[in-house]
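What follows is calculated from the coordinates using simple rules that are stated; it is not laboratory data. The shown structure was predicted, so the numbers you read here are calculated from the model rather than taken from an experiment. So basically every Cβ, Gly included, is an ideal-geometry build from the backbone, and we count neighbours across all protein chains shown.
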Amino acid sequence: MATADYNTLIPNNVDLSSDRRLQRALESWQPRFIEWWKMLGPVAFQDHDVYLRTAISVAQDGWANFGYVKMPEYRWGIFLADAVPGRKIAFGDHMGMDAWQEVPGEYRADLRRLIVVQGDTEPASVEQQRRLCLTAPSVYDLRNLFQVNVEEGRHLWAMVYLLHRYFGRDGREEADDLLQRHSGDQDNPRILGAFNQATPDWLSFYFFTYFTDRDGKFQLASLKESAFDPLSRTCEFMLKEEAHHMFVGASGVARVLQRTVDLMKEHDTSDVAQFGGIDLATIQRYLNFHFSVSLDLFGAETSTNAANYFAAGLKGRFHEEQRDDDHQMKGERRMVPAFESAAITEHEHASLTALNEMLREDYIADCAKGVERWNRILAGVGAELRLPHIGFNRHVGVFAGQPITPDGNVISEGGWKSGMASEWIPIDSDKEHVQALMSGIREPGKMAGWIAPPATGIHAKPIEFEYVRT
Ligand SMILES: [Fe+2]
Ligand SMILES: [Fe+2]
């Protein structure tokens, strides 16, 4: 196992001190990162003590430390999962050959692009969430927000390390640009659409961490299969942290639902907004929005780029190595959603070109599991949440801009516009109501009235622990 060096400016298990040039380059990038964090990270609490988890090694047990830290002093480090000795490429044209420890010249541009696109999402979400600390529903939630934020910062470090270490001067320039693009910036926005949307309130935050961080899980999982071994090992370790982000989303939505159900029972009405809760109809609209926006992140249904990435061994399928097939897919065909003559239909395509769609389908199946768990909370009031149809509110691919309802019906342009304005995605009154509920709770253990307490605290601490010293 690579030993972690925790006593240097940049904690790492990549033996950074043996490469002076690289170390100096990253040490000169670091102050710019801190400057970015202070300018575009959380708008408050920067000099408060926060009870945070910090990655300190990649060992199965005890990979992280918990303790109070002021966020700008967080030890953002570079950690790659342990190398698998003799690892072979598991799919594509180079299957069976040794995994690459350096970047092959012919794949340099494609690999750099994949790393930059992934890297760009990490600081983007910190920027999107920067104002939420003012309105946290509890000190417990405030801490979880900061945990997600610092770890997205570490994910940025992970990608920046790869760019600096393996891509020379253009890698360093790309690393600089990752701090120059900003979420929602008119002139220099983040690369992907969902990462330029605001995260204006905590209901949005929970759905974002459930749906959009889960896109991250699927992208990282397919990059973890990469023939480029350092990328594979980087993503494997990032996935470990990512699990907590999705927990924040899944449990956050569950707690909102629990509170809504409690209020529905107590007052015998579904209109709980008047009692300081959030109606199920509103919650469903938030779900529709965040799910549909996240579906776009997987790209067009068919893509020759995706086929080329797979054939080259750059990006595999979800759980590639566990799949029971030839890992080549040459000559294979499959059905892919299509939209023709105002109807939702399907077309047959080469499986290799349909990889984006396959990953999206795996993602949807994973999303559905959480919805099922949420619906157990709603069973007592005879209600349920549903994932909208794959064609609803899409901006990328064959369904982009098509008038498809959440139920999957194709309707008139006029009917669709009025549904969008009044029924299917958060409407002004939803946003105003949710916004009005947002108030920053600073007293440990106390919860805002629209959300139930969590089942347990963090790291075996009680719920009323002072997770942030305010
Ligand atoms: Fe991340
Ligand atoms: Fe994340």
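If the chain linking VAL117 and MET335 were pulled fully straight, counting 0.36 nm for each residue of separation and taking away their Cα-Cα distance, it would gain 75.7 nm.
From the alpha carbon centroid of segment 1-77 to that of segment 283-343 is 34 Å. Here each label is just a point 7 Å from Cα along the line to Cβ, and for ASP110 and LYS38 those points are 4.3 nm apart. Note on segment 77-173: with charges restricted to the Cβ of Lys and Arg (+1) and Asp and Glu (-1), its dipole about the Cα centre is near 220 debye. A simple charge model with +1 on the Cβ of Lys and Arg, -1 on the Cβ of Asp and Glu and nothing else charged puts the dipole of segment 233-375 at about 320 debye relative to its Cα centre. For GLU151, what charge total do you get from the other residues with a beta carbon under 11 Å from its beta carbon, if Lys and Arg give +1 and Asp and Glu give -1? Net charge in that neighbourhood comes out at -2. Cα-based values for segment 16-437, radius of gyration first and Dmax second, are 22.1, 68 Å. Here's how it looks for PHE339: its modeled amide H is under 5 Å from those of THR345, which are all 5 or more places away or on a different chain.
The aspartates and glutamates within cross-link reach of LYS38, meaning a Cα-to-Cα straight distance under 14 Å and a gap of 8 or more places when in the same chain, are ASP47, GLU73, GLU127. For segment 83-161, the residue among PRO85, TYR107, GLY96 whose Cα projects farthest onto the positive side of the dipole built from Cβ charges is PRO85. Taking 7 Å steps out from each Cα toward its Cβ at GLU384 and ALA452 produces label points 1.9 nm apart.
Sequence-distant contacts, meaning Cα pairs under 8 Å at least 6 residues apart, place the relative contact order of the chain at 19 percent. Each Lys or Arg adds one and each Asp or Glu subtracts one; over the other residues with Cβ under 12 Å from the Cβ of LYS70, this totals 0. For segment 87-179, GluC sites (Glu not before Pro) meeting the loop criterion (DSSP other than H, G, I, E, B) and having at most 16 other Cβ atoms within 10 Å: GLU102.
Shown is the FRET efficiency for ARG131 and GLU466, computed with R0 = 35 Å from the Cβ-Cβ distance and rounded to the nearest 0.05: 0.95.
Taking the Cα centre of the chain as origin and assigning +1 to Lys and Arg Cβ atoms and -1 to Asp and Glu Cβ atoms, the resulting dipole is close to 880 debye.
From least to most packed, judged by other beta carbons within 10 angstrom and beginning with the fewest, SER232, SER251 follow the order SER251, SER232. Taking label points 7 Å from Cα along the Cα-to-Cβ direction, MET97 and LYS240 give a separation of 3.1 nm. Residues LYS369, LYS70, ranked from the fewest to the most other C-beta atoms within 10 Å, line up as LYS369, LYS70. Pairs LYS88/LYS369; LYS240/LYS446; LYS88/LYS240; LYS265/LYS417: which are spaced more than 27 Å apart, C-alpha to C-alpha? Check vs 27 Å cut-off fails for LYS88/LYS369; LYS240/LYS446; LYS265/LYS417. Label point of ALA350 set 7 angstrom out along Cα-Cβ; within segment 287-306, amide nitrogens under 19 Å from it belong to 300-306.
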